[in-house]
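Following: one structure in structure tokens, then a few remarks.
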Amino acid sequence: MEAFEVEDIRREDLIRAKGGKNGHWINPIDQVTGIPITPDTLEAIGMNEGKNVTKDDRLIDIIFKRGRYVVWYEELPHSHIQFIHQLQNLYLAITGQEMPLAEGAREKLCEILSRQ
């Protein structure tokens, strides 16, 4: 599996991305998948299964239940998510800030994905 950063998603279901073998390129979106949430990918971004505290002291609880990850937050009873980008979007919606990533997160995620 090859990792890259999405820069833009177009209505025609094409994406523009940084990275990959060709640098900037456009690819049909149906050939792209998100980074799955696993204990390893959570650790790579600086979060973990269980309780996580945001910069403004809000509690986000991430648990594995019935074969999928569930995010619990005080104002949002639960949200079933599968991918890291969904967790990032949820974090932004809850806090109004982008989720900070641990140092070296991109490199660690690329390493994890290259083993799959």
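Net charge near GLY104: determine it from the other residues with C-beta under 12 Å of the C-beta of GLY104, scoring Lys and Arg +1 and Asp and Glu -1. Write down the numbers at each step before the final one.
Numbers: positive: ARG106, LYS108; negative: GLU43, GLU103, GLU107, GLU111.
Summing Lys/Arg as +1 and Asp/Glu as -1 gives -2.
Mind checking the stretch 29-116 for trypsin sites (Lys or Arg not before Pro) that DSSP puts in a loop (not H, G, I, E or B) and that have at most 11 other Cβ atoms within 10 Å?
Numbers: sites: LYS51, LYS55, ARG58, LYS65, ARG66, ARG68, ARG106, LYS108, ARG115; in loops: LYS55, ARG58, ARG66, ARG115.
Loop-located and lightly packed - LYS55, ARG66, ARG115.
Which length gain, in nm to one decimal place, applies between GLU49 and VAL70 when the Cα-Cα distance is subtracted from 0.36 nm times their residue separation? Write out the running numbers ahead of the final one.
Numbers: separation 21, 0.36 × 21 = 7.56 nm, distance 0.98 nm.
So the extension gain works out to 6.6 nm.
One-quarter of the Cα convex hull surface for the stretch 39-114, in nm²?
Values: hull surface 19.7 nm².
Mean projected area for the stretch 39-114: 4.9 nm², to one decimal.
Assigning unit charges at the beta carbon (Lys, Arg +1; Asp, Glu -1) and nothing else, what dipole magnitude in debye, to the nearest 20, does the stretch 39-114 show about its Cα centre?
In debye, rounded to 20, the stretch 39-114 gives about 280.
For the stretch 80-86, take each phi angle, set θ = phi - 60°, evaluate the Karplus expression 6.51 cos²θ - 1.76 cosθ + 1.60, and give the result in whole Hz per residue in order, putting x for glycine and proline.
7, 9, 10, 10, 4, 5, 5
For the stretch 53-68, just list the computed ³J(HN,Hα) in residue order, Karplus coefficients 6.51, -1.76 and 1.60, θ = phi - 60°, integers in Hz, with x standing in for Gly and Pro.
Working through the residues one at a time gives 10, 7, 4, 9, 6, 8, 9, 10, 9, 10, 10, 9, 9, 6, x, 8 Hz.
Considering the zone a paramagnetic label at ASP57 would reach in this model (a point 7 Å from Cα along the Cα-to-Cβ line), which residues of the stretch 89-116 have amide N under 19 Å from it?
94-97
None of the figures in this text is laboratory data; all of them are computed from the coordinates on show. Predicted model only: the values in this text are computed from it and were never measured. Cβ: placed from backbone, ideal geometry, glycine included. Neighbour counts: every protein chain shown.
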